[in-house]
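The values are calculated or read from the model by the stated rules, or taken from the named source; none is laboratory data. Computed from a prediction, not measured in an experiment: that's the story for all the values here. Heads up, the Cβs are rebuilt from the backbone with ideal geometry, glycines too, and the neighbour counts pull from every protein chain shown.
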């Protein structure tokens, strides 16, 4: 049972005792006294404030027995409730501090991870896709409701705070991150975070959200590698649904399938790897890793679609492949 459930349970128990006392008095005296007087009698009995009786309990044996029972059991429940509420407050504070410190330690050990600024309607599905691909993600979000919604993702690491604060970017490990994705609702904030992140890490790959197309040039000049407009992407998606519905269904099925995590991704050929200098057919990328090569791009070159099996792999080249996420991860370790 979590803290919120315990809190509701305690409040519910106290309310039930209060209502049981009020209804009990009302029924014992057959409605002779107004219900508000019965409620008042219950409160002064349970709190033992010593005020005079507003209901004639003295001389009524059943009313006296009921009052004694209410005080004995009701006071016990109320005292237990108060102590539990105090413990919940202390427990919540302590567990919050411990959880925050544990998270800070885990974030400090991360390298080549991805930082997502904003956990709203764009940020949540983005985090979901990154984690499905086995990537390490740190979220920066200040809104409590958005953080609670993102907590549905297991092992989510987050910094509670404003992404425009330099300290939060540093705490998220911007100097060690592989990429930064900025999806804040304001173009002004996106521009500021882009500029700040580029100053803190000149090598990090920055992808920024954009609402107004006029700001694209400024975002690119501030340091963004790519700028994405949800409105433009949405328009292109709608056009694709009309023109090529089967292709769209194929890609959607690949992303949403529950049978596995089939993805299109890239595998980079690094200098000194055992694949450097080998042909695609000799690399075993199909037989060993069960990956389908869709394209290749040499360093600073154009993409070649469906490269032949005789093509030689060179350091700095990127292979565009399709396969299971785990197989892609294993291939990256070798390539």
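With respect to residue 129, is the statement that it is within 27 Å of residue 323 (Cβ to Cβ), modelled with pLDDT under 90 and in contact with a strand residue (DSSP E or B) (Cβ under 6 Å, 6 or more places away or on another chain) true?
Against the criterion (within 27 Å of residue 323 (Cβ to Cβ), modelled with pLDDT under 90 and in contact with a strand residue (DSSP E or B) (Cβ under 6 Å, 6 or more places away or on another chain)), residue 129 does not qualify.
Mind checking whether some residue in the stretch 185-196 is assigned to a loop (DSSP other than H, G, I, E, B), surrounded by 14 or more Cβ atoms within 10 Å (Cβ to Cβ) and touching a helix residue (DSSP H, G or I) at 6+ places or on another chain (Cβ under 6 Å)? For the stretch 185-196, residues assigned to a loop (DSSP other than H, G, I, E, B), surrounded by 14 or more Cβ atoms within 10 Å (Cβ to Cβ) and touching a helix residue (DSSP H, G or I) at 6+ places or on another chain (Cβ under 6 Å): absent. Screening the stretch 253-275 for residues that are modelled with pLDDT of 85 or more and buried (at least 16 other Cβ atoms within 10 Å of the Cβ) and picking the one that is nearest to the chain's Cα centre (by Cα) gives 265. Considered as a group, the residues in the stretch 133-156 that are in contact with a helix residue (DSSP H, G or I) (Cβ under 7 Å, 6 or more places away or on another chain) and at pLDDT below 90 include one that is farthest from residue 108 (Cα to Cα), and that residue is 149.
Checking residue 211 against (1) farther than 30 Å from residue 167 by Cβ; (2) in contact with a helix residue (DSSP H, G or I) (Cβ under 7 Å, 6 or more places away or on another chain); (3) surrounded by fewer than 17 Cβ atoms within 10 Å (Cβ to Cβ), which test does it fail? All conditions pass for residue 211, except number (1).
If you scan the stretch 112-131, which residues turn out to be outside any helix (DSSP H, G or I) and closer than 23 Å to residue 166 by Cα? Steps first, please.
Applying the first criterion (outside any helix (DSSP H, G or I)) to the stretch 112-131 yields 112-122.
Listed by number, the residues that qualify are 112, 113, 114, 115, 116, 117, 118, 119, 120, 122.
Test residue 331 against the criterion of being surrounded by 13 or more Cβ atoms within 10 Å (Cβ to Cβ), touching a residue at least 12 places away in the same chain (Cβ under 8 Å) and closer than 27 Å to residue 209 by Cβ, and give yes or no. So residue 331 does not fit the description; no. Restrict the check to the stretch 222-229 and report whether at least one residue is part of a helix (DSSP H, G or I) and surrounded by fewer than 16 Cβ atoms within 10 Å (Cβ to Cβ). No, there is no match, as no residue in the stretch 222-229 is part of a helix (DSSP H, G or I) and surrounded by fewer than 16 Cβ atoms within 10 Å (Cβ to Cβ).
Residues checked against (1) farther than 30 Å from residue 151 by Cβ; (2) modelled with pLDDT of 80 or more; (3) touching a strand residue (DSSP E or B) at 6+ places or on another chain (Cβ under 6 Å):
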position: 51; (1), (2), (3): yes, no, no
position: 55; (1), (2), (3): yes, yes, no
position: 74; (1), (2), (3): yes, yes, no
position: 86; (1), (2), (3): no, no, no
position: 92; (1), (2), (3): no, no, no
position: 95; (1), (2), (3): no, no, no
position: 99; (1), (2), (3): no, no, no
